[in-house]
1. Sort out which residues of the stretch 241-290 are in a strand (DSSP E or B) and away from ligand 1 (no atom under 11 Å from the Cβ), and write them in order of number.
2. Can you run down the residue pairs with Cβ atoms below 7 Å, 6 or more apart or on separate chains, where the first is in the stretch 183-210 and assigned to a helix (DSSP H, G or I) and of a type in the set (A, V, I, L, M, F, W, C) and the partner is open to solvent by less than 70 Å² (accessible area, probe 1.4 Å) and within 16 Å of ligand 2 (Cβ to nearest atom)?
3. Step by step: first the residues of the stretch 297-306, then only those that are more than 11 Å from the chain's Cα centre (by Cα) and within 21 Å of Gln47 (Cβ to Cβ), then the one that is nearest to ligand 2 (Cβ to nearest atom). Which residue is that?
4. Mind checking which pairs have a first residue in the stretch 314-336 that is hydroxyl-bearing (Ser, Thr, Tyr) and a second that is assigned to a loop (DSSP other than H, G, I, E, B) and within 16 Å of ligand 1 (Cβ to nearest atom), Cβ under 9 Å, 6 or more apart or different chains?
5. Can you pull out every residue in the stretch 112-130 that is part of a helix (DSSP H, G or I), surrounded by fewer than 22 Cβ atoms within 10 Å (Cβ to Cβ) and either modelled with pLDDT under 95 or of a type outside the set (A, V, I, L, M) (or both)?
6. Look through the stretch 192-219, keep the residues that are acidic (Asp, Glu) and more than 27 Å from Trp108 (Cβ to Cβ), and return whichever of them is farthest from ligand 2 (Cβ to nearest atom).
7. Look through Lys244, Lys248 and report the one residue that is under 17 Å from the mean Cα position of the chain (by Cα) and modelled with pLDDT of 95 or more.
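The values are calculated or read from the model by the stated rules, or taken from the named source; none is laboratory data. Note that the structure is a prediction, hence the values are computed from the model and not measured. Note that each Cβ is placed from the backbone with ideal geometry, even for glycine, and that neighbours are counted across all protein chains shown. Ligands, DNA and RNA are excluded from the accessible area calculation, which covers all protein heavy atoms including side chains. Shrake-Rupley method; radii C 1.70, N 1.55, O 1.52, S 1.80 Å.
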Amino acid sequence: MAISKHYKNLFQDITTIEYKGKDSKDPLSFQYYNPSQKVGGKTMAEQLRFAICYWHTVSWAGNDMFGLEAFSHHWLSKDITDVYEKAELKADYMFQFAQLLQMPFYTWHDRDVIAEGDSLQESAQRLVKFSDYLLKKQEETGIKALWGTANAFSNKRYMAGAASNPDPEVFACAASQVRTAMEVTKKLGGQNYVLWGGREGYDTLLNTCIRQEQEQLGRFMSLVVEHKHKIGFQGDILIEPKPKEPTKHQYDFDVATVYGFLKKYNLEKEIKVNIETNHAILAGHTMEHEIATASALDLFGSIDINAGDYLLGWDTDQFPTDALEMTKMMYYILKAGGFKNGGLNFDAKLRRQSCDVKDYLYAHIAGMDAGARGLLAAQALVEDKTLATFIEQRYAGWQSSFGQDILQGKLSLSDIADLAETNNINPSPVSGRQEMLEGIISRYLN
Ligand code: XUL
Ligand code: CO
C-alpha cells in the first residue's frame, strides 16, 4: 500500500461507514445510502456517483475572510516542508476519507494536489511527477478521478482574470496550467475536465471591455477543446457557471448564459456544464431550474453538490442535508437520463467550528444520506408518473394537427391570427394544480 512516511492513522476506532438502515442511531453509519441497493435498474453507487473533493477536505485549513487558519489536522502540519512528502500525506488522507465513506470518486485542482513551484515549468513537472502517486493510490483503492481542473484564480497574476485577462501573457500562463491539468486528468482516467471561471469577469466596468474579454474566453475554450481532441481525452469538458464571487460579475453567470456563449463560439456540442447548488442560488435560481435548463439544452454534465444559505449573499458551500431539495434535484437528474460521465461532487466545506477530523465524516455522511434519500423519493416520483402525465396532458394541444402545423412552420402569423378570429376562439383557463403537485413530492419522502 502506497503510504507516506508521515502518515498516522487518525481513525483507529473507525472502520468503513456502513449502511445500517433508517432507524440507525449511529452517527457514523448511513441511514439511506446503501451502495449496492438497486434503484431504477442501477445501484445507488452507480446512480449517485459521489465524489469527495481535495480542496475542501484536505487543502482548506479553516481560514475565512476574517479569520486565520483554524484547523490543526496532522496533514496540514507545517513541520513537513518537502513538497512531495506533503503532497503524499494529503493524498493518503484524501483516499482514506474516500475509502471510509465508500466514496467511488474524487476531484482535484492542480494546486490542491501539490504546491506550486517557482516557475510554470516547475509547477507542471511537480504535478506530472506526483500524479504517479495518485495513480498508485487509485489502483490500490479502486477510487477514481471524477474530474480534474486548474486553479487559475489564486495566484496574484490572475487578479484580472485568466483567459479574460487584459494581458495575453496571463492567458498563456492559464494555457500552461490547463494543458498540464488536462493531460494529468487523462493519465488518471478522469471522466471529465472542469473549467470554473474563477475571475473570468470584472470588478468594475470602468476598466473593462466586455467584447474583448468574451472573444478571449471564446478563443481559450476553443483551444481547450482542440487540445482535448489532440491528446485523445475521452471525457467531457465542463464549464461551471457562477454569477459572481470573487468577481462582481462572472461571464459564466448561469446555465442559460453559458449556452449563449457556447452557441456564439460553436462549442455547444463540445462543452457541457458542471452545475453547483450554491452558484444556482447566487444566480437567483433553484438548483432544479439549472438542471432542467441544462437538460433542455442538452448540456447536462455533472453536479457540484452543496447547500447555500438563502439569507446570505455569498457562496457558503455548506453540506447539503435538505432531503426535499435533493429530491427535486434528483428528479430532474433522473429525467435527464441520470449521470453518464458526471456525478455528485461534494464541493462542500465544514463550518469553521467543526475542527475535529471526525467532522469530515459526519458531514459527508449527512450529505450522502440526503442524496440517497432524494434519489429514492425521485425514483418513486418517476415511477408514479403523476408529474410526467400531468405535464404530458398539459401540453397535449400541441400534439394536435393545429399545434403541429404551428410548430412545423406551416402557418404564418396572419394564418394563425385569421384562424383565431374566424373561429372566434376563446380558450378557458385550465388549473396549473401547483399545490397538488407540490403535495405529491412530499408523499414520497420517506
Ligand atoms: C468555486 C467553485 C470551485 C470549482 C472548481 O465556487 O465551485 O471550487 O468547483 O474550480
Ligand atoms: Co464548484
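1. Residues of the stretch 241-290 that are in a strand (DSSP E or B), as a first pass: 249-250, 271-276.
Residues satisfying the conditions are His249, Ile271, Lys272, Val273.
2. If the second residue must be open to solvent by less than 70 Å² (accessible area, probe 1.4 Å) and within 16 Å of ligand 2 (Cβ to nearest atom), the pairs left are Val184/Gly148.
3. Leu299
4. Thr316/Asn306; Thr316/Gly308; Thr316/Asp309; Thr316/Lys349
5. Gln121, Glu122, Ser123, Gln125, Arg126, Lys129, Phe130
6. Glu215
7. Numbers: Lys248 fails: under 17 Å from the mean Cα position of the chain (by Cα).
None of the others qualify; the one that does is Lys244.
Conditions tested, residue by residue: (1) without any contact (Cβ under 8 Å) to a residue 40 or more places away in the chain; (2) small (Gly, Ala, Ser); (3) buried (at least 21 other Cβ atoms within 10 Å of the Cβ).
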site: Val224; (1), (2), (3): no, no, yes
site: His227; (1), (2), (3): no, no, no
site: Lys242; (1), (2), (3): no, no, yes
site: Pro246; (1), (2), (3): no, no, no
site: His249; (1), (2), (3): no, no, no
site: Glu290; (1), (2), (3): no, no, yes
site: Ala294; (1), (2), (3): no, yes, yes
